[in-house]
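Below you'll find the structure, written out as structure tokens, and then a few comments.
Each value in this text was obtained by applying a stated rule to the coordinates, not by laboratory testing. Bear in mind the structure is a predicted one, so any value in this text is a computation, not a measurement. Glycine also receives a Cβ, built like all others from the backbone with ideal geometry; neighbour counts cover every protein chain displayed.
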Amino acid sequence: MNSNLNLNNNNIKQAFNQLSLVSKADIIVPELTVVTTSLLRFEEKRERYIWVHPEEIFFVISSDHYIKALIQSGNQKKWMTRHCTIKELLTTLPAENFIRLNKFYLLNRNHYSGIDEREKMLYLLNDFSVPVPHRISRFIIEMIKK
């Protein structure tokens with residue numbers, strides 16, 4: 001029984017020595033890729049979900065760990081909720097279309113029409129407006145006007 005133990009220890013030593021001879025260039029590590037979905041799930045009503053494309057999202061308001069999003073649903077716009085933060089949502093959205101206005105708001109640039117800073121109103125295409133009572137920096141306002 002002792003000889004089997006020694007034999008196994010010798011096999012282990014040989015395998016370990018062979019591993020130490022392998023150079024770092026010989027080790028292949030697969031790269032991690034982030035998989036994004038083309039559809040996002042939002043809750044329209046309690047226990048009633050709708051899947052939408054990111055381009056159907058107009059505007060997002062944050063409220064703790066929930067977001068409220070203005071979404072095109074058929075011929076009408078609806079406010080829907082999702083359990084996540086704006087930061088988490090931004091990782092799934094195309095960066096070229098969406099801009100974070102401040103810690104509470106996210107805007108799809110493709111649906112932006114204008115902003116009235118005095119009235120604190122953000123205008124979207126198709127004559128839809130959203131009140132924005134929280135401050136938006138001058139830099140961000142200039143960036144979305146371009």
Take K77, K146 and order them by how many other Cβ atoms sit within 10 Å, fewest up front. K146, K77
Please go through the residue pairs K45/K103; K87/K145; K103/K145; K68/K103; K45/K68; K45/K78 and name each one whose alpha carbons sit more than 21 Å apart in this structure. K45/K103; K87/K145
Tell me, what is the FRET efficiency for E88 and V130 to the nearest 0.05, using R0 = 22 angstrom and their Cβ-Cβ distance as r? 0.55
Determine ³J(HN,Hα), in whole Hz, for all residues of the range 70-81 in sequence, where each value follows from phi through the Karplus function 6.51 cos²θ - 1.76 cosθ + 1.60 and θ = phi - 60°; x replaces Gly and Pro. 8, 10, 7, 10, x, 8, 10, 9, 9, 8, 10, 10
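Tell me the net charge near H134. Cut-off is 13 Å between Cβ atoms, H134 excluded, with +1 for each Lys or Arg and -1 for each Asp or Glu.
Values: positive: R100, K103, K120, R135; negative: E117.
Overall, the nearby charge balance is +3.
Fewest first, what order do V52, V130 take by the number of other Cβ atoms within 10 Å?
Working: V52 18, V130 15.
Result, fewest neighbours first: V130, V52.
Before anything else, pin down the relative contact order of the range 47-143: Cα pairs under 8 Å, at least 6 apart, normalised by residue count, whole percent. Before the final figure, lay out each step's value.
Details: 139 pairs, mean separation 18.7, N = 97.
Relative contact order for the range 47-143 comes out at 19 percent.
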